[in-house]
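The values are calculated or read from the model by the stated rules, or taken from the named source; none is laboratory data. It should be emphasised that the depicted structure is a prediction, and the values quoted were computed from it without experimental measurement. Cβ sites come from the backbone with ideal geometry, for glycine too, and all protein chains shown count toward neighbours. Note: areas computed on protein heavy atoms with side chains; ligands, DNA, RNA excluded. Shrake-Rupley method; radii C 1.70, N 1.55, O 1.52, S 1.80 Å.
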2 protein chains.
Amino acid sequence: MTNPSFDGWTCPIPLKNYPKIVMGHGAGGKMMNDLIGHLFAPLLHNDLLAQMGDSTALDIGALNPGGRLAFSTDSFVVSPIIFPGGDIGDLAVNGTVNDIAMSGAKPRYLSVGFILEEGLEMETLGAVVTSMAHAAKKAGVQIVTGDTKVVNKGHGDGIFINTSGFGMIPDGVDIAAKNARPGDVILVSGTMGDHGMAIMSKREGLEFESQIISDTAPLHEMIAEMLEATESKGGIHCLRDATRGGLSAVLNELADSSKVGIEFEETKVPVNAAVNAACEMLGLDPFYIANEGKLVAIVSPDIADEILGVMRKNEYGKDAAIIGCVVEEHAGRVVAKTAIGGSRVVDLPAGELLPRIC
Amino acid sequence: MTNPSFDGWTCPIPLKNYPKIVMGHGAGGKMMNDLIGHLFAPLLHNDLLAQMGDSTALDIGALNPGGRLAFSTDSFVVSPIIFPGGDIGDLAVNGTVNDIAMSGAKPRYLSVGFILEEGLEMETLGAVVTSMAHAAKKAGVQIVTGDTKVVNKGHGDGIFINTSGFGMIPDGVDIAAKNARPGDVILVSGTMGDHGMAIMSKREGLEFESQIISDTAPLHEMIAEMLEATESKGGIHCLRDATRGGLSAVLNELADSSKVGIEFEETKVPVNAAVNAACEMLGLDPFYIANEGKLVAIVSPDIADEILGVMRKNEYGKDAAIIGCVVEEHAGRVVAKTAIGGSRVVDLPAGELLPRIC
């Protein structure tokens, strides 16, 4: 949890009269203006957001003459709102930053849409928006347009946040789920399952030897470094952040989109000891658990070691590992080699493992 | 309500096994893929959405060499989901289309984020998404990226929808809330209060002589016609769609942003007879009631009549009217001349008049 007094923000008088969100804060009148003017604007301030129009005009002419743009959206309904290692605010910023970055784009501008439940503590909202501001600053993106709605008590759950955003894709970069080809090498940028198990442990009140912390983080700089290192050679074929459904969902989607088989070795996938212990206790498989600061990369074999080195130099990739490869056989299927030398098909998760994880 | 069999969509077998939304539909696994593949994809289909990546890559190089882009977001929490004249689906498309258009931009691409409540009928979701598809087609925009979350029963309210989107602003167009100047003329594109009173009458089970219908509509083509008619002259200074807080909220915001006074004549503002009657019965002022297909324009006096003519030729502007003017006096304040010859300050609404109107 970040410090709620970011940029010196403390709940000002016009908001102190309403220590909790009421329906009027979403009604388009004076109370909503107070909320925007005294909470959102000072915390998220930038010249573009200050336009305060129905939309925000952005001069993107200089960003990329080639003109390919990556556009993404994500809604966040995580419960609880605040969890070990983060909260719904930084999760909402990092989530969309990462989705944009997975195309190779540099994320630039975000929108934010709040759906607040009547009765939400104003201080909680202040803390979450502070956290968004920190995350945006850290990721180098600007929140340039927004919207606030309020729903009656019992028809929401504290805070839901949508972030949408975009960035420009550098000329010549072509990263897509359909680009994996036999012989390619599969890497992960770090340990699997941290975010999901952090939420789970908080929600269920579980205690482990060492606390499990969400890995929520912006990954676009690591991706920029990977692209830079291989600029003249190309060879980064697929990038995905392993969120809902975890590693297994990502590998299945990539195998399906590229019409290739995927094989990986279970023992090569990094998993934190505490996450492993928690998964064993709860009967969960860490390969199905959500991450919020980890990516899967599929690259051509000649650059795999170089990419691994670049990842490991970045603070969010220090545990990066090569875990497997793309094969021609069993197209659309993911097969894991187990610790005891067998192999098993790793399917898409069916339905719900951990609800409201992001 | 639109026909749920749009494009021949009927609830297919994999979804029929789940006549209602369950938590697994938001968990990132097979059930979510079924929902996307059998409901969202066939209804909203286009080549860009079919990329199905974390983000969608859009080639915008050809859209505008000048490079100014209008970016907007809106969440929709309207209750009830289906109301006379529309539903949350077309409202969500038209709302963001209009927000983008108010900068003079041609809306092009939308994202959609669904927050579904466990227990929502699959057929209702199908009907709403069908309605979105119709509205997008009518407005000439593409829904190119999306996200679906599911929250536990009792922690949402059927369907919440976020739409974000953008379009390119033509070179030389400069429409902004701060651009009104003394002497300018104020126009509205039609009757005030229809959407809000349609929701209100449905919600409260009120019956009037003639049914009140929401005015939800895309306004970007009317704006394009207004811009085209005045291309060489300029003169369109401010455009706003009069949603939450109605006409009075828009006029107050424009007066405040432009640091000018605003005067209008109450009798010149078009209001449907049924809306007027309903407002009188409920003690509401139609100038504070939300619209979803009406705009306020502030233009230089030399083009006012021409703009009025252009608006009236468009299907969504046939009741357009000149209602007042911008003055140097009482900067930041909106004053109405009443029917009996007096004048009154028209303030921003304080808080809640009609909650969850959009």
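Across all directions of projection, what mean area in square nanometres is found for the Cα convex hull of the protein assembly as shown? Don't skip to the end; give the middle numbers.
Values: hull surface 121.8 nm².
Projected area, direction-averaged: 30.5 nm².
Charges were assigned to the Cβ only: +1 to each Lys and Arg, -1 to each Asp and Glu. The resulting dipole of the protein assembly as shown about its Cα centre is roughly 120 debye. Work through the residues other than residue B:86 whose Cβ is under 13 Å from its Cβ and net out their charges, Lys, Arg +1 and Asp, Glu -1. Taking every Cβ under 13 Å from that of residue B:86, the sum is -3. Take residue A:338, move 7 Å from Cα toward the beta carbon, and the resulting point lies 8.3 nm from the same point in each other copy, nearest first.
Assuming R0 = 35 Å, what is the FRET efficiency of residue B:302 and residue B:59, from their Cβ-Cβ distance, to the nearest 0.05? The computed FRET efficiency comes out at 0.30. Taking the DSSP beta bridges with both ends in chain B, the antiparallel portion is around 75 percent.
What residue among A:94, A:179, A:46 shows peak mean-square fluctuation when chain A is described by a Gaussian network model with Cα springs under 10 Å? Maximum among the listed residues: A:46. Does the stretch A:177-345 come out rounded, prolate or oblate by the C-alpha gyration tensor, with a ≥ b ≥ c the root eigenvalues, rounded set by a/c under 1.5 and, if not, prolate when a/b is larger than b/c and oblate if not? Oblate is the answer for the stretch A:177-345, as a/c is 1.5 or above yet b/c matches or exceeds a/b. Using only alpha carbon pairs under 8 Å that are at least six residues apart, calculate the relative contact order of the stretch B:177-345 and give it in whole percent. Once divided by the residue count of the stretch B:177-345, the mean separation gives 43 percent.
Shape class for the stretch B:10-169, computed from the alpha carbon gyration tensor (a ≥ b ≥ c): prolate, with a/c not under 1.5 and a/b above b/c.
Label points for residue B:36 are taken 7 Å from Cα along Cα→Cβ. From this copy to the others they lie 3.3 nm apart, shortest first. Averaging the Cα positions of each part gives two centres, and for the stretch B:40-109 and the stretch B:134-186 these lie 6 Å apart. Rounded to the nearest 500, the helix-only mean residue ellipticity at 222 nm of chain A stands at -8000 deg cm²/dmol, with each DSSP H run of n ≥ 4 adding -39,500 (n - 2.57).
Looking at the stretch B:261-358, which GluC sites (Glu not before Pro) are in a loop (DSSP not H, G, I, E or B) and have at most 12 other Cβ atoms within 10 Å?
B:315, B:328, B:329
Every pair of different Cα atoms in chain B enters the Kirkwood calculation, which places the hydrodynamic radius at 21.3 Å.
Across peptide B:73-81, the average count of Cβ atoms from other chains found within 10 Å of a residue's Cβ is 6. Inter-copy label distances at residue A:16, shortest first and taken from points set 7 Å along Cα to Cβ: 6.3 nm.
With every protein chain present, what is the per residue accessible area of the stretch A:125-257 (1.4 Å probe, Å²)?
Roughly 32 Å² per residue, with all protein chains present.
Summary value for chain A: 21 percent relative contact order, contacts being C-alpha pairs under 8 angstrom separated by 6+ residues.
Give the peptides A:295-302, B:208-215 in descending order of average Cβ contacts within 10 Å, highest first.
On the way: A:295-302: 22.4, B:208-215: 17.0.
Packing proxy ranking, top to bottom: A:295-302, B:208-215.
Using 0.36 nm per residue and subtracting the Cα-Cα separation, the extra length available between residue B:47 and residue B:204 on full extension is 52.3 nm. Classify the stretch B:289-358: rounded, prolate or oblate, from the alpha-carbon gyration tensor (a ≥ b ≥ c, eigenvalue square roots; a/c under 1.5 rounded; otherwise prolate if a/b is larger than b/c)? In terms of gyration-tensor shape, oblate.
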